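Heads up: the structure comes next, in structure tokens.
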Amino acid sequence: MSRAGAPLKGRAGRLARLMPSASPSSAARTPFVLLVVLLLGGGLITLLLLNSALNEGSFRLSELKRDTTELTDEQQALQRDVDSYSQPGALERRARELGMVPGGSPAFLDPDGTVRGVPTKATAPPPSPSPTPTPSPEPTPEDGAQADEAGAGVPSATPSGTATPSPGAAAEPESEDAPAPAPENTPATPPPTTPGR
């Protein structure tokens, strides 16, 4: 008979009963290790997904801030345009360009139906005369000779052959073929406007 098959007695038997065998303990630890690995892997994946979502949100936030800044600048520019168009001088100029005239004195109706004040019709003020240059009736000497008359309106010739007007004389065109200069106070055509602005 062999000793390995016999039950242990004494102190060795007690120790063998207290210590579990090797195979059941490793089988009991395997699900716990798998659970810990799965929890760590899931946490890592969740952390990566959360981090990418936060980065995407920060990019979107920076785009929206940039768009907000651009729209704020555009709104301020439009507000400046509205303010410039709503100034009294600009409103009066635009109204005159459209042919409007200042109104006359108003009349008011009292609650009992009586008219207070005398209404007057609005009339357009006379247009302001635009200054036009008047050409001098005397021609300029072309050969450089002195003019017979020594009046204030007669230009004197210079050695180079060009005429120098005397003080108080009106400016004349150099040749008859040259067009007369345009008046300085001619009104410019108004810029086109768009309705609603």
Practice problem: Treat every Asp and Glu Cβ in segment 70-114 as -1 and every Lys and Arg Cβ as +1, leave all other atoms uncharged, and give the resulting dipole magnitude about the Cα centre to the nearest 20 debye. | Solution: 300 debye
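Subtract the Cα-Cα distance of T68 and L39 from 0.36 nm times their separation in residues, and report this length gain in nm to one decimal.
Working: separation 29, 0.36 × 29 = 10.44 nm, distance 4.26 nm.
The span from T68 to L39 would gain 6.2 nm if fully extended.
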Self-check item: Residues K121 and E97, FRET efficiency given R0 of 30 Å [Cβ-Cβ distance, rounded to 0.05]
Solution: 0.85
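How much accessible area per residue does segment 34-129 have, counting only protein heavy atoms and a probe of 1.4 Å, in square angstrom?
Numbers: 8460 Å² over 96 residues.
Result: 88 Å² per residue.
The values are calculated or read from the model by the stated rules, or taken from the named source; none is laboratory data. Values in this document were obtained by computation on a predicted structure and should not be read as measured data. All Cβ positions, even for glycine, are placed from backbone atoms using ideal geometry, and neighbour counts span all protein chains on display. SASA here: full protein model, heavy atoms, side chains in, ligands and nucleic acids out. Shrake-Rupley method; radii C 1.70, N 1.55, O 1.52, S 1.80 Å.
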